[in-house]
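Since the structure comes first, as structure tokens, the remarks are kept for the end.
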Amino acid sequence: MHFNLFLVFPNLVLVFYLFIIFYASKKHPFAEIIGYGLFSGFLLDVSGEKYFSISIVLLIFLGFLIRIFKNALNEAEGQKSLIYFLVLVVLFSGAYEGVINYKIFLSLAVLAKIAYNIIFGVVVFYIYRYVQKIQGKKSFC
């Protein structure tokens, strides 16, 4: 079963990558950015029609940008972390589509894909919060 809206599918690999990088550990953030960027980019490159390795490079670059933004935000707390995460999903989903598929950010297909990414991003965020609550760990979200 596939989820589609206007014949557009959500980019779940991108959403999960953004989520993992947004909550990357403080001990080895650069290793995680590069490792997850290689893996996620490989999955996107294998399933895509564009040049191989462009997604890998783009995701690693986006990962470092997320790290810079996150350091500037000084560890978002509570509901703010959801808002910051969703802003990153919107910006980086649009940027990814613009670079990979050469589409304009405000086209209907890109907006539909971003809407899907937001929906799945919220679901992943609340699953993470629920798991953290069950485990009794203090979370910053």
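The values are calculated or read from the model by the stated rules, or taken from the named source; none is laboratory data. Since the model is a prediction, treat every value here as computed from it, not as a measurement. Every residue, glycine among them, receives a Cβ derived from its backbone with ideal geometry; neighbour counts consider all protein chains shown.
Go through Phe64, Phe30, Phe16 for me and flag whichever is loosely packed, with under 14 Cβ neighbours inside 10 Å, assigned to a helix (DSSP H, G or I), touching a helix residue (DSSP H, G or I) at 6+ places or on another chain (Cβ under 9 Å) and modelled with pLDDT of 75 or more.
Among Phe64, Phe30, Phe16, only Phe30 is loosely packed, with under 14 Cβ neighbours inside 10 Å, assigned to a helix (DSSP H, G or I), touching a helix residue (DSSP H, G or I) at 6+ places or on another chain (Cβ under 9 Å) and modelled with pLDDT of 75 or more.
Only residues that are of a type outside the set (S, T, N, Q), surrounded by fewer than 16 Cβ atoms within 10 Å (Cβ to Cβ) and within 24 Å of Val123 (Cα to Cα) were counted in region 36-61, giving 1.
Can you pull out every residue in region 111-136 that is aliphatic (A, V, I, L, M) and either touching a strand residue (DSSP E or B) at 6+ places or on another chain (Cβ under 8 Å) or modelled with pLDDT under 75 (or both)? Ala112, Ala115 - these are the residues of region 111-136 that are aliphatic (A, V, I, L, M) and either touching a strand residue (DSSP E or B) at 6+ places or on another chain (Cβ under 8 Å) or modelled with pLDDT under 75 (or both).
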